[in-house]
Amino acid sequence: MSEPLLKIRNLTVQVGEKEILHGLNLDVNSGETHVLMGPNGAGKSTLGNAIMGNPVYTVTGGEIIFDGKNILEESTDQRAKDGLFMSFQNPLEVPGISLSNFIRSSLEERTGKRVRLWDFRKSIKKEMQLLNMDESYADRDLNVGFSGGEKKKSEILQLLMLNPKLAILDETDSGLDVDAVRTVSKGVEEFQKTTDGALLIITHSTRILESLKVDYTHVLVDGQIIDTGDGSMVDEINENGFEKYIRQEKTEQ
């Protein structure tokens, strides 16, 4: 059996003096979609940031193996070049660089090859149409003056253009209205259909998952994954919440 694309073993992470993750384990294979759910403060975003190498989050134990190598000593930009991608709850505004130039530059860094402008413009136009994005946004400064919905579409546009090996979507549907959630979900579904990339979707809501194929659902409580199931587990959580998992975690302590 081949090794998982992402293999996390006994991962311990702290922020400042506070330990957030306590010996977490997770395997993700190419082409799989994993959903990570849990109550506020459980450590969901901490896991995503630790995988990406955010320096605010200190790994104090365990290992993160991505595509066959331990990436703990790698910088965030090197992890991105390796094929990791993360979208954020609150995407940053970056004055001075347009959305299209940012994506094109990122593509060249990711592949190590020059990207022909004509081919690039053709591809970005296609993906923007899929996301119902006004093409003028491609020439605007990255996320500057974008609405919340347009910022999230910008993130999914980057996902589709960069085609990472593993994408971490951290509360991508946060703050979006119903129509925007459908559009973002459509973009994620397109990524599922057209690539063998894996997805780790961190969410409180189940709206973004309605049209997606989910292979595994994980419940994170107090820094540990305490239960794993298939896609049907999402519906159960949506109906009953996390109370039984919180009680289960307290019982096991």
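The values are calculated or read from the model by the stated rules, or taken from the named source; none is laboratory data. If you're wondering where the values come from, they're calculated on a predicted model, not measured in any experiment. Methodologically, a virtual Cβ is constructed for each residue, glycine included, from the backbone with ideal geometry; neighbour enumeration extends over all protein chains shown. All accessible areas refer to the heavy atoms of the entire protein, side chains included, with ligands and DNA or RNA removed. Shrake-Rupley method; radii C 1.70, N 1.55, O 1.52, S 1.80 Å.
General observations
- Residues within the stretch 167-184 that are assigned to a helix (DSSP H, G or I) and either surrounded by 22 or more Cβ atoms within 10 Å (Cβ to Cβ) or within 13 Å of the chain's Cα centre (by Cα) (or both), tallied: 1
- In the stretch 26-35 there is no residue that is within 30 Å of Ala138 (Cβ to Cβ), in contact with a helix residue (DSSP H, G or I) (Cβ under 7 Å, 6 or more places away or on another chain), surrounded by 15 or more Cβ atoms within 10 Å (Cβ to Cβ) and at pLDDT below 95.
- Residue count, the stretch 7-46 (criterion: closer than 22 Å to Asp173 by Cβ, of a type outside the set (Ser, Thr, Tyr) and in a strand (DSSP E or B)): 6
- Test: residue in the stretch 59-75 that is touching a Phe, Trp or Tyr at 6+ places or on another chain (Cβ under 6 Å) and at negative phi: no
- There is no residue in the stretch 68-84 that is of a type in the set (Ser, Thr, Tyr) and in contact with a strand residue (DSSP E or B) (Cβ under 8 Å, 6 or more places away or on another chain).
- Unmet requirement for Asp222, which otherwise passes all of (1) under 18 Å from Asn40 (Cβ atoms); (2) of a type in the set (Asp, Glu); (3) in contact with a helix residue (DSSP H, G or I) (Cβ under 8 Å, 6 or more places away or on another chain); (4) modelled with pLDDT under 90: (4)
- When the stretch 205-215 is filtered for residues that are within 11 Å of Met37 (Cβ to Cβ) and buried (at least 19 other Cβ atoms within 10 Å of the Cβ), the ones remaining, listed by number, are Leu209, Val214.
- Within the stretch 94-108, residues that are among the charged types (D, E, K, R) sit with their Cβ atoms under 6 Å from residues that are open to solvent by less than 40 Å² (accessible area, probe 1.4 Å), at 6+ positions apart or across chains, in these pairs: Arg104/Val115; Arg104/Phe120; Glu108/Val115.
- Filtered by the rule that a residue be in a loop (DSSP other than H, G, I, E, B) and either open to solvent by 40 Å² or more (accessible area, probe 1.4 Å) or in contact with a Phe, Trp or Tyr (Cβ under 9 Å, 6 or more places away or on another chain) (or both), the stretch 216-241 gives Asp222, Asp230, Gly231.
- Selection from the stretch 2-55 of residues that are over 17 Å from the mean Cα position of the chain (by Cα) and at positive phi: Asn10, Gly16, Gly23, Gly41
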